[in-house]
Every structure is written in C-alpha cells, then in structure tokens.
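The values are calculated or read from the model by the stated rules, or taken from the named source; none is laboratory data. Keep in mind it's a predicted model, so treat the numbers as computed, not measured. Note that each Cβ is placed from the backbone with ideal geometry, even for glycine, and that neighbours are counted across all protein chains shown.
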Amino acid sequence: MIGIKQLGKNPKLLISMILFLLVLISAGGLIVIELRQTLREYTNDNVAQEAYAIAEIMKEKIDLEINELEDIVAFINAIGGDENLLKSIQEVKESGKYGLIATDGSLVQGTLFEVEDFPGIVDAFRGNTAVSYDEEKGLLFSVPVYKGKNIKYVINKLYSPNDLINDYSMTCYDGQGFISLITREGETIIPFKENTIKYDQIIASAAGQGALSRLRSEMNRNSSAATTLNDKTGNYYLFEAEVGESELLILGIVPQSAVNGGIYGTYVIVAFIIVVLGILLLVFAFFSYGAEKKALESDALREAKLIADNANKAKGDFLANMSHEIRTPINAIIGMNEMILRESDDNRVLELSGKIKNASQSLLSVINDILDFSKIESGKMEIIPVQYEVSSVVGDLYNMVLNKAKAKNLALKVDIDPELPHVLYGDDVRIRQIVLNMLTNSIKYTERGEINLKFRYDKIDDKTILLNVSVKDTGIGIKEEDMERLFAPFERFEEMKNRSVEGTGLGMNIVRQLLELMDSKLNVTSEYGKGSEFSFAIRQTVIRWEPVGKFVVVEDDDVSVENYKEKFHAPECRILIVDDLDMNLTVMTELLRPTQIRIDTALSGKQALELSMEKKYDCIIIDHQMPVMDGIETLHKLKKTEGSLNSDTPCIALTANAIAGARDMYIDEGFNDYISKPINGPRLELLLMEYLPEDKVYKQPGGINK
C-alpha cells in the first residue's frame, strides 16, 4: 500500500504513530476494564440493597403479627374475662388459627399446640414473644398474657404451610425474582412461591452451593449480601438478608437479565465509542499520507451500532462520571487532525482529514447527547436564565443547520413575528439546543421540500410573554403507532427504512425533558408521508418590548480550517500549560505554535507550582482533573504560596466535563475563565487575546474568528 511505503521511508513518524496507537488501545482497554468492574460492583450493591429492603418488609409482616397478638392481650386484660375471647376474632380472619393455652398446658380456646413441636410456647411462658417453626405444622407466633405480675396464658397464632405460601410469599424485580424465608441453619420456612423445584435444584447444585458459601461469608460482615450464580440453566443473582434481629433470613434468586437491563446497554455504548475512535486512527495512519482509500464497512461495527442504537436504558450517573475519560482522547484526535488541516497542502490528505474531522464532530455530538441525557436522568441538568437577543438566537440556529439543509437541497425558511420583543430573559442555551434538535431531526427525515422555522408570541402581562416556536417539515412523517416511540431513549421508528440516518435516538427525548424542566411540553402533529410539525410554548420575561422587526438572514462566512490564519503573534508572552496527559500538552502546544507564544508545560500540579516559583507567566492554563493534586487545588496553592511569582497571573481552567454552570463554578474557585475539551484552536486564541497583556499582543490581519 502506498501509505505504508511512505511511512516506511520515515521511521520516526512510523514509530510515533505506532506508539500513539498503542497508547490509545491501552487507554481504551483500561476504560473497558474500569467500566466492567464498576458495573459489577454497582449491580451487586443494588441487589444487596434490594435484599435489605425485602427483609425489612418481611420484618414488618412478622411485627404486625406480634402486634396483633399483643392487641388481643390488651383486650383480654381490659375485659378481665376469658370466655369466647378468640371466637369473634377468628371469624373475621381469612388465615391463621388462634389458640389460648393456660400455664398448665391445657387448652382454653382455639387450637392446642404440642409444646415439643413449637419451642416458642415455652419461651412465651417465660415472658418473651416468640416465633417458632415446624416443617409439617407451619409457623407459630406466641405472646404471653399476664395476670398481674404472673403469666396466666399464652396466646398463639398458627400459619399452616399452605397459608404461609399464600400470605407470606414475596417476589421482586417485577415478578422475575423469588423470595424464600429460612432459618440461619438453612431450614426452609417459606418456600419460593413459583418454580420451587427448579430453583431448589439450582441452589442445590455445585454452583449454587458455591454461591451460598460466598453469601454466608459476606453475611458474617454485613446484614445483607448478593453474589452471582452461573448455572447451566442460566445466570442469576443469589441474595440474603437478616430479618430484623431474629434468627430468620430471606433468601432470594433473580435472573441477571432482570437486574442488569439497560446497564449493559450503557457498557455497549461506551465500548462502541472506543471501537470507533480506534477505527478513525487506523484510517488516519494508513491513508492520510497519500494512500488510495478502500471503502470498508465492518460487520462488527454495524452490529455494535445496532446494539448501541437499541439499548433500552442508560444509567445517567455512571456515564456522566466517565465523560472526562471519553472526551480526552477525542480532544487529541480533533486537535492533531486540525494541525494536519492547517499545514498540509496535499489534496488527498486534506480530503481524508476532512472526513476524520466530520466523523469526530459526529462522535462528539453523540457523546454530548448521551451526557445531556445522563445529566437529565440524574437530576443534574440546570436551567440558567440570562438576558438574550431573540434575533441572535434565530440567526445562530439558521447558520448552524443551513449547510445540512443545503446538502439535501432543502429550502430553509424563517418566519418571525416582527412585533416579537427583541430582548428576553430565559435560558437561551437550552432554547437553542431544543430548537436545534427539532431542526436537525426534521432535516434528517426530509428528502425534498422545505423546513419552516416559526417564532410567534402571546402577551400574558406587562412583563411576560408566551414564546411559541414551531418547526414544520415536508418529510416522511410519523405513523400513529410510532408516536409513543418518538420519545423513547435510544430508539428510532422504522429502523430498517431509516438505517442510514445518523444519531443516537436521544434528541427528542432530551427535547421533551428540557421542556419539562422549563414547565412546557413538546407538541407533535404529523401525517405519514407528508410531513410533521413540532412546536412548544414557554414563558419568558420581557426585558425590552421594542419589536425585533423584520428578520434578515445573515449567513456566516464559511471559512475552513484549511485556510487557517492565526489571529495574533505574541513572541514576548510566556504561558504555562498544565495537564497530566502528554498528548493533551502536545495538542495545545501545536495549536498555539503559529502565535509564537513561548510555552512551558507541566505534567502535574506539583511540577506547575515549582515552575511558577522560577518564572513569571502572562497566563496559566490548568487541567481540572489530574491525579494527586487536581486543577482547583493547584490553583489555590498557586495563589497562596508565599514567594510565588504568579499569584496575580490570569488562570484558565481546562476541562473535559461539559456541565451546566461550569464557568461560574470555576470563577467561584478563583479561575479567570475556562475552556472545554475538545479544544477549538481559534476559540483558544480568542480567549488568550482577552487575558494576555495588550501591549505584547500583535493582531494579524485576516485572522480567523470562529
């Protein structure tokens, strides 16, 4: 292959690429191992907590029986007589037989119980409530009845084995898990309600006994425990929990599929992302230096994508915590690729790098959707209202989707009520996100015709309006039976027909939930084969009532990174960049190389503090998530260290966590600003221009402002 021959002529480049690939593969492997371990710990803890909750319910059932008998005792003591005490009670009870036994062992009322069968009767004559069990006769509750200071009777309630199964059997996990009640010695009191023989055989097998042994060992340290049981009939979770302070335990069994559900779907998504990153780098290594491209579509990729798209549930907290690990390698790919686009004059290289850029941006969009979904699910999504210009929001939306509409020869129309107040108060970021999702969705499912974006309003009072927004298309429309699936996460309707349409299937779900956070909802009307209309209405405070007037579309200049020109030169400036990953430092350094800034780098907070004691910097960029000493702790020590040359130096936070309110959080901690990964070169230049000394910055004509 031509690409391989050219790489062979440059051994240093070849070695660098191989090392880079090995680093990425190792990082991906570590992420997958960490995900698997986290998943295992999460599910075991979840099942153990479920076992504890079930044991508490069982304890409440037993306590209710004891309390009922104690109430009868209070009644006996209150009336001071013995005749027909249990008759009326027994008549209204559907299960359980009552008995009243005198201290000499004679029967007063109800059913006589043999003391040898139920040791709890003897314990009750000693003044204690008791629960005892006989395999043939059932479960007996006993409570002493005092006459003054002496015990005169013992009142009992007996549940036969059949009554126990009817009244005490329990299930869990939507009826897929089954519970039994046992003694600490392993004697079964209440068997599994269903499939008794099947589950008894599973637990009696070698695998079942091994799982029981692990459970008992764990129960020596905790009040509840869970473990896996992999049997030839299937994979299960086995769990136990103490029933209060009694000698009883609940023992349960449930198929792993009933517990894991969408958690494994999340694992598949992350594994899929790592696979795609590896494929992108392989394409870059073998074809970016003039190789003839061979179009390969991997069966494994298709299968992985199908699994990811059909995942039925995402665990929000779990994936949100992995955002840093996922976005960091994407930062390296996008940053390195941007350098190729800037510096290469080989058309073939530019073509292939352009495809890597598009694929990386699509992948980043997928990750952002998943992270937004997880933040909403975990309750961490915030609505942050600010003042905003309506015309600015509409203009941004138009320019963000214009190229996508042009690529499909679709007309993009904007219709705004000219009387709409031009300055409002609300979360313009989330409004953009909602409408952008609606527009993108319409463009995806429309092959010919037009997309119409409309803004209207209804006045509520002197300070408030109802902002009405709609997106209407001439696309494929939605069948009535598919309407319910429109908002289901990770699902798309008519999958086979629309298999070429990109996306995670999260867009409309995110739109719906963001609107709910703003006390609104998404309305959908559609005619299959003719098109759809999506609309919503949200309350917005009016800052200025002056009308927006006639909206004029102003298209952004489509300046590509291939024609990149740095915005400034600053050879007299010196900055420090701190990040625990050498690849990130390389990306930042190369992106800023054309600006002629003098750059020092540090791989840890400790190293950064040492450099800050030796040199005065014009700006310091610090990664947030670093081991041993994170970015915030590094900043605090930098500002407070006695003798530091940089206690007043502007500091910018670098983060891979795209969270709401990030800028305010970092400013509260003492940073001057922040920039998120993946790093956008022109945006980084603009940020530095704001904080570098003005007399050291020489602006360059024609610099790109993206």
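For K606, state whether it is in a helix (DSSP H, G or I) and of a type in the set (K, R).
On the way: in a helix (DSSP H, G or I): yes; of a type in the set (K, R): yes.
Yes; evaluated as a whole, the condition is true for this residue.
Is it true that K550 is farther than 24 Å from S442 by Cα and surrounded by fewer than 18 Cβ atoms within 10 Å (Cβ to Cβ)? Yes: the conditions hold for K550.
Looking at (1) in contact with a Pro (Cβ under 8 Å, 6 or more places away or on another chain); (2) on the phi > 0 side of the Ramachandran plot; (3) among the charged types (D, E, K, R), can you tell me which one D174 breaks? Result: D174 passes all but (1). Taken over segment 588-603, the criterion of being under 38 Å from the mean Cα position of the chain (by Cα) and in a loop (DSSP other than H, G, I, E, B) is satisfied by L603 alone.
Could you list, in sequence order, the residues of segment 499-521 that are of a type in the set (V, I, T) and either in a helix (DSSP H, G or I) or modelled with pLDDT of 80 or more (or both)?
As a first pass, look at segment 499-521 and keep what is of a type in the set (V, I, T): 501, 504, 510-511.
Those that are of a type in the set (V, I, T) and either in a helix (DSSP H, G or I) or modelled with pLDDT of 80 or more (or both): I510, V511.
Residues in segment 142-172 that are under 47 Å from the mean Cα position of the chain (by Cα) and in a strand (DSSP E or B): how many? Explain how you work it out, then say what you get.
Narrowing segment 142-172 to residues under 47 Å from the mean Cα position of the chain (by Cα): 159, 161-172.
If we keep only those that are in a strand (DSSP E or B) too, we end up with 159, 170-172.
So the answer is 4.
You will find that of V386, V401, the residue that is within 32 Å of the chain's Cα centre (by Cα) and surrounded by fewer than 18 Cβ atoms within 10 Å (Cβ to Cβ) is V386 and no other.
Could you please let me know if K444 is modelled with pLDDT under 90 and of a type outside the set (D, E)? It would help to see each step written out before you state the result.
Numbers: modelled with pLDDT under 90: yes; of a type outside the set (D, E): yes.
When the stated conditions are applied, K444 passes them.
Name the single residue, out of those in segment 442-485 being small (G, A, S) and surrounded by fewer than 20 Cβ atoms within 10 Å (Cβ to Cβ), that is nearest to Y425 (Cα to Cα). This residue is S470. Name the residues in segment 533-566 that are at pLDDT 90 or above and either closer than 30 Å to E338 by Cα or of a type in the set (S, T, Y) (or both), would you? Scanning segment 533-566 gives S535, T541. With respect to the stated conditions, L585 is out of contact with any helix residue (DSSP H, G or I) (no Cβ under 9 Å at 6 or more places or on another chain), over 18 Å from M689 (Cα atoms) and assigned to a helix (DSSP H, G or I).
Please verify whether L215 is under 30 Å from I330 (Cα atoms) and modelled with pLDDT of 60 or more, treating the condition exactly as stated. Break it down stepwise before answering.
Values: under 30 Å from I330 (Cα atoms): no; modelled with pLDDT of 60 or more: yes.
So L215 fails the test.
Listed here are the residues, each with its yes/no results for (1) more than 24 Å from I333 (Cα to Cα); (2) of a type in the set (A, V, I, L, M); (3) at pLDDT 90 or above; (4) surrounded by 14 or more Cβ atoms within 10 Å (Cβ to Cβ).
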{"residue": "K616", "(1), (2), (3), (4)": "yes, no, yes, no"}
{"residue": "C619", "(1), (2), (3), (4)": "yes, no, yes, yes"}
{"residue": "I632", "(1), (2), (3), (4)": "yes, yes, yes, yes"}
{"residue": "T641", "(1), (2), (3), (4)": "yes, no, no, yes"}
{"residue": "S647", "(1), (2), (3), (4)": "yes, no, no, no"}
{"residue": "A660", "(1), (2), (3), (4)": "yes, yes, no, yes"}
{"residue": "E669", "(1), (2), (3), (4)": "yes, no, yes, yes"}
{"residue": "Y674", "(1), (2), (3), (4)": "no, no, no, yes"}
{"residue": "K677", "(1), (2), (3), (4)": "no, no, no, yes"}
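Of all residues in segment 77-123, those being in a loop (DSSP other than H, G, I, E, B) and at pLDDT 60 or above number 15. Reported count of residues in segment 109-127, each being surrounded by fewer than 18 Cβ atoms within 10 Å (Cβ to Cβ), closer than 18 Å to V73 by Cβ and touching a Lys or Arg at 6+ places or on another chain (Cβ under 8 Å), is 1. With the requirement that a residue be more than 22 Å from M58 (Cα to Cα) and among the polar types (S, T, N, Q), what does segment 100-157 give you? Scanning segment 100-157 gives T103, S106, Q109, T111, N150. Restrict the check to segment 168-188 and report whether at least one residue is touching a strand residue (DSSP E or B) at 6+ places or on another chain (Cβ under 8 Å) and without any contact (Cβ under 8 Å) to a residue 12 or more places away in the chain. Yes, because at least one residue in segment 168-188 is touching a strand residue (DSSP E or B) at 6+ places or on another chain (Cβ under 8 Å) and without any contact (Cβ under 8 Å) to a residue 12 or more places away in the chain.
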